[in-house]
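*Asks:* Structure below; questions to follow.
The values are calculated or read from the model by the stated rules, or taken from the named source; none is laboratory data. Because the structure is a prediction, the values reported are computed rather than measured. Every residue, glycine among them, receives a Cβ derived from its backbone with ideal geometry; neighbour counts consider all protein chains shown.
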């Protein structure tokens, strides 16, 4: 007979309850994409002339991933609750100006900022927490803007795979409590935090990180007054003023098991991470300052981090900027026990 200790039983019950809540919150307001619903006017509630592109691509069903090819243990892949496309990725979303966004978006709302050429766009967490992936194009550069609420990992990638633009969706699967994306061509699974395909035909293929920042809306208003803000008119009925994860960000509890618990920093401490040569460097984000340069030695090279004009800037010894991303401590530490370097206070 299989027996479990009381703490394990409690953990399983809490995890199952959390999954049920997430599934309910993600799906409770879902409407067909061909019928966009809003709370503004009858005209906006009308059926659009053409179905949204997301409806044509992310159709749900079962994944067809070739699981015979993989670089991670298949038994460590867990269901996050919603299945394939249960959390619907977005494609080519609409954007509005700051004034229009201020009508609904709180000034303390965080989000991902991307600047390419003369265009700056802000992707609010209020929307990303419900969709996790946004397929977009800025000045002819195809992007996939990704956010995993379970890891606080906000990473923007060049969406080209083998030099061809690709679309990515939410698989509904997790690895080490992190989002596994899938590409629509081969349905290979891609680890967001690793930035690489880990199961399927594209296994071993890496994505290129695009520079981005995590800022709140008030910072965007000040730093980028001409920024384009992702519109809440996504084609899905969601309450973009609240998220489905409650106080997850402010406690140490995880919904899903992980293989390594590194206690050098609090589980959900927010880190700013850059990859440099064969190393991954994690800076304690809240300890970075405009008045002090954080310095890390990598072999014979010096890496510097500092707040410059309200944004985190990491440079090598030549002054070249190294693109980075944001993630919770636990998620980064799992994958970088061997090649990771940590700066903390």
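A quick yes/no check of all residues on (1) touching a strand residue (DSSP E or B) at 6+ places or on another chain (Cβ under 7 Å); (2) outside any loop (DSSP other than H, G, I, E, B):
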| site | (1), (2) |
| --- | --- |
| 193 | yes, no |
| 215 | yes, yes |
| 225 | no, no |
| 232 | no, no |
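*Asks:* Here is a check on your reading of the model: is residue 305 in a strand (DSSP E or B), without any contact (Cβ under 8 Å) to a residue 12 or more places away in the chain and not assigned by TED's automatic domain parsing to the domain that holds residue 120? First the steps, then the outcome.
*Replies:* Working: in a strand (DSSP E or B): yes; without any contact (Cβ under 8 Å) to a residue 12 or more places away in the chain: no; not assigned by TED's automatic domain parsing to the domain that holds residue 120: yes.
Here the answer is no, as residue 305 does not meet what is asked.
*Asks:* Right, next: May I ask you to say which residue of 257, 244 is on the phi < 0 side of the Ramachandran plot, within 17 Å of the chain's Cα centre (by Cα) and part of a loop (DSSP other than H, G, I, E, B)? Explain how you work it out, then say what you get.
*Replies:* Numbers: 257 fails: within 17 Å of the chain's Cα centre (by Cα).
Residue meeting the stated conditions: 244.
*Asks:* Give the residue that is surrounded by the most Cβ atoms within 10 Å (Cβ to Cβ), with candidates limited to residues of region 90-104 that are touching a residue at least 40 places away in the same chain (Cβ under 8 Å) and part of a helix (DSSP H, G or I).
*Replies:* 101
*Asks:* Being farther than 17 Å from residue 172 by Cβ and in a strand (DSSP E or B) is the filter here; which residues of region 125-134 pass it? Don't jump to the end; show me each part of the working.
*Replies:* Start the filter on region 125-134 by keeping residues that are farther than 17 Å from residue 172 by Cβ, which leaves 125-127, 134.
If the condition is that a residue be farther than 17 Å from residue 172 by Cβ and in a strand (DSSP E or B), then 134 is the only one that fits.
*Asks:* How many of the residues making up region 215-255 are under 21 Å from residue 151 (Cα atoms), outside the structural domain of residue 95 (by TED's automatic domain parsing) and either surrounded by 16 or more Cβ atoms within 10 Å (Cβ to Cβ) or touching a helix residue (DSSP H, G or I) at 6+ places or on another chain (Cβ under 6 Å) (or both)?
*Replies:* So the answer is 6.
*Asks:* Being part of a loop (DSSP other than H, G, I, E, B) and at pLDDT below 95: is that true of residue 262 here? Break it down stepwise before answering.
*Replies:* Details: part of a loop (DSSP other than H, G, I, E, B): yes; at pLDDT below 95: no.
So residue 262 fails the test.
*Asks:* Just name the residue that is nearest to residue 96 (Cα to Cα) out of those in region 132-144 that are buried (at least 24 other Cβ atoms within 10 Å of the Cβ) and in contact (Cβ under 8 Å) with a residue 60 or more places away in the chain.
*Replies:* The selected residue is 134.
*Asks:* Can you go through 87, 72 and tell me which one is modelled with pLDDT of 95 or more and surrounded by 19 or more Cβ atoms within 10 Å (Cβ to Cβ)?
*Replies:* Step by step, each of 87, 72 is checked, and only 87 is modelled with pLDDT of 95 or more and surrounded by 19 or more Cβ atoms within 10 Å (Cβ to Cβ).
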